[in-house]
Every structure is written in structure tokens, then in C-alpha cells.
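The structure appears right after this line, and notes come after that.
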Amino acid sequence: MERTVPRTASEEIELYLRTYYSLLRSTDEVPVRALEEVHQRTNSLLHPHAETPAPDLNAFIYSILRLPPCIVQVRRVLLGQSRQVFLHHSIGDVETWQPVAARARRRRCFWDGDETLACYIASRSDIDDIVPMLTAFQIEWNKIHTLLLEADENLLDDATSTEKLANALRMSADDLERLKQAWGADFLPNLRQARKRKQRFFVRLLSGSLSEYRRATHAWWEHIEQHAPRILERPVYFISSNPHSLPNLLAGYALRHEKTLSDFAAHAADPLLREEWKAIWQGNMPSSRENFLYYVLKKYQNTPEGRATRDGQLAHEAALGITRIPSEHSFDLEAQAIEIRRLRGQFVDPRLRDLPWEQLAESDAFILNIDYPLGLAAYHVLSQVAERVGEVRGVYIMGKAATLNGAVGDVMIPNVVHDEHSRNTYLFPNAFSAHDVSPYLVYGTVLDNQKAVTVRGTFLQTAGYMGVFYREGYTDIEMEAGPYLSAIYEMVRPKRYPVDEIVHFPLARLPFDLGIIHYASDTPLSKGKNLGAGSLSYYGMDPTYAAAVAILRRLLSREAERIVKRK
């Protein structure tokens with residue numbers, strides 16, 4: 001079969017990868033300054049204005065949201081797979097340091113309160129994420145440093161100088177406001193820091209061995225076994241999605257507290273929250289009432305009065321066989337073990353109530369739902385699950401993607417995936433089609449029979465290279481499907497996944513159900529702002545829950561059919 005995609009990434013990306021991996025082999029700390037030139041020459045789709053004197057605010061805010069706030073004080077970033085790796089390299093017990101987190105990236109990090117940040121990494125993909133992000137942050141921070149030095153030294157002390165500050169930083173007033181929102185209360189303190197000093201990061205990779213990644217994955221899985229030991233003997237439906245959709249849909253805690261959440265939304269400080277709820281309540285907006293309650297629940301639980309409901313939610317879920325398992329001493333990847341027989345139809349989301357719950361009460365299967373991992377971690381995680389559980393009856397993947405032909409909020413269902421890690425092109429029978437998702441999607445469009453490409457990192461893409469894929473019909477850009485399919489290859493074939501091949505999974509050869517659904521969170525080839533501009537907010541829940549409902553309906557229907565056949 002003739003190959004229809006490039007065999008390797010662009011030369012600029014390959015040079016960038018070779019540069020920082022060769023530097024990270026050093027046992028000493030590597031200055032990020034050594035990567036700035038090659039980063040700028042890469043012409044990243046996410047950082048197109050890296051070489052200009054004016055700040056590239058989209059790239060800067062993207063990095064701000066995905067690095068802990070303490071990054072403005074950090075000089076040294078240490079990367080390792082687990083607590084033991086840091087202890088082995090005489091760094092100390094980093095878990096006694098202050099835990100810190102980014103707003104838009106799940107990664108367990110610890111700060112010593114001074115100049116050192118320690119981060120747990122789950123695979124090579126974390127390196128491909130962190131290193132370019134630190135480089136982009138440093139480039140843009142230092143642009144602001146230079147511009148502030150050229151400006152009036154009293155500029156940051158004048159509370160009325162918003163327009164002057166925007167002009168000094170060579171950005172619009174709207175962009176300055178976006179930066180202010182990204183930094184919040186730290187906006188002026190961070191700008192004063194930026195004027196005072198340049199940023200000079202140093203990075204050290206403590207261990208890059210494959211065995212350490214596997215050891216960290218094994219430690220993550222052992223923690224799951226301790227909390228849900230019966231999962232080792234039972235059939236399992238594996239889902240990679242997020243930690244909130246399935247518990248909300250299956251336990252219905254938010255729906256049972258609708259009045260409390262409605263009152264909170266009606267009097268919320270956020271005017272958007274108030275107006276959205278009013279429009280839904282009056283029937284003037286087509287948004288899903290249930291989806292909005294799930295969204296409000298999260299907001300409510302972040303308030304002092306709502307914080308106490310977290311324990312009540314966990315107790316309600318546990319009574320229905322939903323066990324939440326946060327990770328410990330390794331990468332940040334929450335899991336949920338859900339015993340199907342203990343679920344109750346009277347509590348579930350209305351979109352699931354017509355399922356045969358009486359039959360499902362006889363199920364012996366578990367649902368294992370994990371918060372979607374980053375890149376190659378997906379391969380390690382699914383490989384570990386496949387080795388340990390009794391039987392895999394289904395693999396369902398839901399994740400974010402960029403779309404080259406759709407809009408933010410659209411849903412894409414691929415049946416072809418080109419994986420940049422293995423350079424394989426996977427052809428597979430996707431269990432889902434457009435009609436499985438479209439009844440539950442309010443705002444977007446469902447596009448099935450799509451072709452996806454799994455990239456190595458968000459900064460490791462160029463417009464030219466993505467244009468090549470677009471011309472070949474690849475419109476779905478994401479980071480996990482390829483590694484998952486490599487793990488699936490090893491679950492159904494008696495050898496390790498190949499490299500640079502076209503791999504076909506015939507339906508008859510798959511011993512379990514396989515479905516992949518992506519929802520668009522970015523349109524990188526458009527002229528609009530990328531995800532650096534912000535997040536999907538509430539509207540991101542529309543495709544998320546549409547996909548989650550479709551997955552649960554298929555999974556539970558198949559399990560009920562299996563029970564009937566067994567009888």
C-alpha cells in the first residue's frame with residue numbers, strides 16, 4: 001500500500017529534537033539559552049513570532065497557563081520519573097517541598113520555595129512538552145524585560161497608565177488585559193520582576209531511561225491495585241477521558257442538588273454564569289441543563305460554602321461502586337474503578353436512563369477510567385493495564401485535538417491515525433460514527449471517517465508540515481491515539497509494535513471493542529487565537545459530555561447484550 005504521509009517530521013523539528021536530547025544527556029544542568037536559536041528557527045505553529053522584538057502573547061500565555069505560577073522565581077528545573085529517582089540523585093525528598101500546579105497542564109511538580117522546581121515525568125512526551133515550553137516562556141519574558149528597560153522606569157507605578165504600558169510592551173490594550181487575566185494578582189509584581197531581571201532557566205534530566213518510565217507506570221498501577229484489588233480478576237472496559245465526566249453521568253450528584261446549584265448560579269459573582277443559567281432556565285438557550293449543572297458543581301465546590309460538598313459527593317459515588325484513585329509518588333494521573341453492577345439507573349444522567357439497568361445489575365465487569373495521559377505515557381499505561389487485568393472487553397479513547405477543517409467544539413471520529421512516534425499509519429474500525437454522538441451535541445458538528453495525526457508536542461509543529469498533512473486529508477491533530485494504538489497492537493499481535501509501517505486492524509481480528517473520539521479545542525491553521533488565548537470554559541463541556549454519553553451508551557449496551565447471551 002502506498003504511503004500518503006511524510007516519513008519524518010520537518011527538518012527544523014528534527015534538529016530541535018536532536019539538539020535538546022543531546023544536551024539533556026549531560027549530567028549537569030543545561031542552559032535553556034542554548035536552545036533559543038534553534039527554537040526560533042523552528043517556526044513553530046504555536047510560536048510563529050518567536051524571532052520578533054514584540055511579544056508573541058499567544059505563545060507566552062500558553063506557557064504561563066501550563067507552568068506553575070512559581071516559574072517566575074525558578075532558575076533550575078529538574079525532571080525525573082518518581083520520588084525514588086530524585087532521592088537516588090541526591091536531590092532529596094521533593095515531596096516534602098511545596099506542591100505546585102499549573103492551571104492548564106496536569107503534572108506533579110514541587111517547588112523548594114527558592115529557585116528549584118522538580119517535576120515528575122511519565123514519558124518522553126513530557127520532555128517534548130516541558131523543554132519547548134520553558135524556552136518559549138524565557139524568550140517572551142526576556143522580550144518584555146527589554147521593552148520595560150526601554151520604557152519610563154515609573155511606568156509600572158502609575159495605575160492609570162494602561163495605554164502607555166500596552167504601547168511600551170508593543171501590544172494592544174486587549175492583549176494587555178489577556179496577560180493581566182493570565183497572571184491575576186501577580187500581574188504587576190511579575191512585570192516588576194521582568195523589568196528587574198532576565199530569565200535564565202537551567203534544565204536537568206535525572207534519568208531518561210525507558211526502564212524508569214516503566215517503573216513509574218508500575219508504581220502508578222500498584223496504587224490502583226491496592227484500592228481496587230478485584231479489578232485484577234474481573235473483565236475491564238478501559239476508558240481514557242477525564243476525571244469528572246463519567247462520575248457526573250453515572251452518579252448524578254449534581255442533579256440531586258439542582259436547587260442548591262441553581263441558587264448559587266443565580267447569584268454568582270460571575271455575570272456570565274448568572275446570564276447563562278437564566279437563559280437555560282427560561283428555555284432561551286439550547287445548552288444542556290445537565291451539563292451546566294456539572295459545570296456549576298465544580299465552581300460551587302471551589303467556594304468556601306461549597307467545599308464541604310466534596311466529601312458528600314465522594315461518599316455518594318462510593319456507594320454506587322465508583323472508586324476515585326488519585327496517583328501517589330509518580331506522575332499525576334487519576335483513575336476511577338467503577339463496578340458496573342453497583343450502578344443504579346435512578347441516579348444516572350437522563351441520557352442514560354433508558355439503558356437496561358436491571359440486566360446490568362448482573363454484570364461482573366469494571367470500567368477503568370483514567371484521566372487522559374500526555375503522549376507516549378498512553379502507551380505505557382495501556383500496556384500495563386493489559387498485562388494486569390483479567391480481560392479487556394473494550395478500549396475507548398476520548399481526548400482533545402486541534403482541527404484543520406472544523407471549528408472549536410466540533411467532534412472528530414477518526415479511522416486512520418498516523419503516529420509520529422512510531423511513524424506507523426494505523427487503519428482501524430472505529431466503534432463510533434457521527435450518529436452515535438450528534439444527538440447529544442448542541443453547538444458543534446460531528447465529523448466521522450476522519451484521518452488523525454499524533455504529534456510529539458504542541459510546540460513541535462510547523463505550518464508547512466501541518467499543511468502537508470492537510471493536503472493528504474489529515475485534519476485531526478492530537479497526542480495520544482498513536483501510542484494507544486501501538487499498545488493495542490501488542491495486545492492483539494505476538495510481537496512489539498512495528499516502525500514505519502501501515503498497520504491494519506481488521507474488525508474480525510480485534511477481540512474487544514475499540515473507539516476513539518476527539519473534540520476540537522484549537523484551530524491552528526486559522527487566523528484566530530490559539531489556546532494561548534484562554535480555555536474552552538463551559539462550552540468545552542458540550543463535546544466532552546456528548547462523547548462521554550456516546551461511550552457509556554455503547555459500553556453499557558454491549559455489556560447488557562453479553563449478559564443476555566450468557567444466560
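The values are calculated or read from the model by the stated rules, or taken from the named source; none is laboratory data. Please read these numbers as outputs of a predicted model, since none were measured by experiment. Glycine gets a Cβ as well: all are built from the backbone with ideal geometry, and neighbour counts include every protein chain shown.
For segment 76-97, indicate whether the set of residues that are farther than 14 Å from residue 136 by Cβ, under 25 Å from the mean Cα position of the chain (by Cα), assigned to a loop (DSSP other than H, G, I, E, B) and of a type in the set (Val, Ile, Thr) is non-empty.
No, segment 76-97 contains no residue that is farther than 14 Å from residue 136 by Cβ, under 25 Å from the mean Cα position of the chain (by Cα), assigned to a loop (DSSP other than H, G, I, E, B) and of a type in the set (Val, Ile, Thr).
Which one of these is among the aliphatic types (A, V, I, L, M), surrounded by fewer than 17 Cβ atoms within 10 Å (Cβ to Cβ) and over 21 Å from residue 74 (Cβ atoms): 232, 169?
232
Looking for whichever is buried (at least 19 other Cβ atoms within 10 Å of the Cβ) and assigned to a loop (DSSP other than H, G, I, E, B) here; the options are 406, 394. Which one fits?
Just one listed residue meets the conditions, 406.
Output the residues belonging to segment 18-46 that are outside any helix (DSSP H, G or I), farther than 22 Å from residue 469 by Cα and aliphatic (A, V, I, L, M).
Selection gives 30, 32.
Can you work out which of the residues in segment 188-202 that are surrounded by 16 or more Cβ atoms within 10 Å (Cβ to Cβ), of a type outside the set (S, T, N, Q) and within 28 Å of the chain's Cα centre (by Cα) is farthest from residue 59 (Cα to Cα)?
Out of the qualifying residues, it is 202.
Between 169, 176, 165, 149, which is closer than 17 Å to residue 56 by Cα and in contact (Cβ under 8 Å) with a residue 40 or more places away in the chain?
When all the criteria are applied, what remains is 169.
Does residue 96 meet the test of being of a type in the set (S, T, N, Q) and under 29 Å from residue 55 (Cβ atoms)?
When the stated conditions are applied, residue 96 does not pass them.
Does segment 361-391 hold any residues that are surrounded by fewer than 24 Cβ atoms within 10 Å (Cβ to Cβ), outside any loop (DSSP other than H, G, I, E, B) and small (Gly, Ala, Ser), and which are they?
Of everything in segment 361-391, those that are surrounded by fewer than 24 Cβ atoms within 10 Å (Cβ to Cβ), outside any loop (DSSP other than H, G, I, E, B) and small (Gly, Ala, Ser) turn out to be 383, 386.
Got a number for residues in segment 129-181 being at pLDDT 95 or above, touching a helix residue (DSSP H, G or I) at 6+ places or on another chain (Cβ under 6 Å) and over 16 Å from residue 194 (Cβ atoms)?
Residues flagged as at pLDDT 95 or above, touching a helix residue (DSSP H, G or I) at 6+ places or on another chain (Cβ under 6 Å) and over 16 Å from residue 194 (Cβ atoms) within segment 129-181 amount to 3.
Can you tell me which condition residue 15 does not meet? The list is (1) among the aliphatic types (A, V, I, L, M); (2) at pLDDT below 95; (3) in a loop (DSSP other than H, G, I, E, B), and all the others hold.
(3)
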